[in-house]
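Here is the structure we will look at.
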Amino acid sequence: MTNPVEAWHIDHSYFSRLLALLRKELDAFHSGGEPNLELMLDIISYLRDYSDDMHHPREDIAFACMARRCPDLALVLARLAQEHRVIAQAGEKLRSLLNAVQNDTVVSRGEIEIAAATYLVYYGNHIAKEEEDVLPRAAEALTAEDWEAVSKAVPHRHDPVFGGDGDERYRVLRRHIALEA
């Protein structure tokens, strides 16, 4: 079994790959091209439904344990936990706008670009901060009991994109990931 810090890092690498794919589609949108809305919505849905429901709640428990063991990181950890809520809200806003476009509702290009930039910048910076400041300290500071609490934060669920066979719902997304590799 992968150690918890390595699993955390692997999730971040997956999320970063998806954010890069999303950025590529948004770049096409920004330049007046035709982005793949289905792909964009799959990326947002996965990040909202898997990351926000599985990964972030576990991180929140890890942050609470770390704040007790590493008081010097308490403010950074509190900000990162708050960013989970911002990322979730920004992702939901972007998903809503993309759904509206897909349903032929007129949405301003600027509104989508602002929502996308907010989501991408927050998420990308969030991952970088965790990788740089939190994961190394978590590896040193958290105990087996802490990691057990993190593991039990939410019931384990199969990763619908990166978890082996995958979910049929994310077939298009998995195909694009394979092409990018």
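Bear in mind these aren't lab numbers, they're just calculated from the coordinates by the rules spelled out. Remember, predicted model here, so these are calculated numbers, not experimental data. Backbone-built Cβ (ideal geometry, glycine too); neighbour counts: all protein chains shown.
Taking Lys93 as the anchor, which lysines have their alpha carbon closer than 21 Å to its alpha carbon, excluding any fewer than eight residues away along the same chain?
Within the straight-line cut-off, Lys93 pairs with Lys24.
Once Lys and Arg get +1 and Asp and Glu get -1 on their Cβ, which of Leu19, Val107, Ala67 lies farthest toward the positive end of the dipole of the chain?
Farthest along the dipole direction, towards plus: Val107.
With Kirkwood radius over Cα pairs in Å defined as stated, name the option among [x] 16.8; [y] 17.2; [z] 19.7 computed from the structure displayed.
[y]
Which aspartates and glutamates, on any chain, are close to Lys129 with Cα under 14 Å apart, when same-chain ones fewer than 8 places away are left out?
Glu59, Glu83
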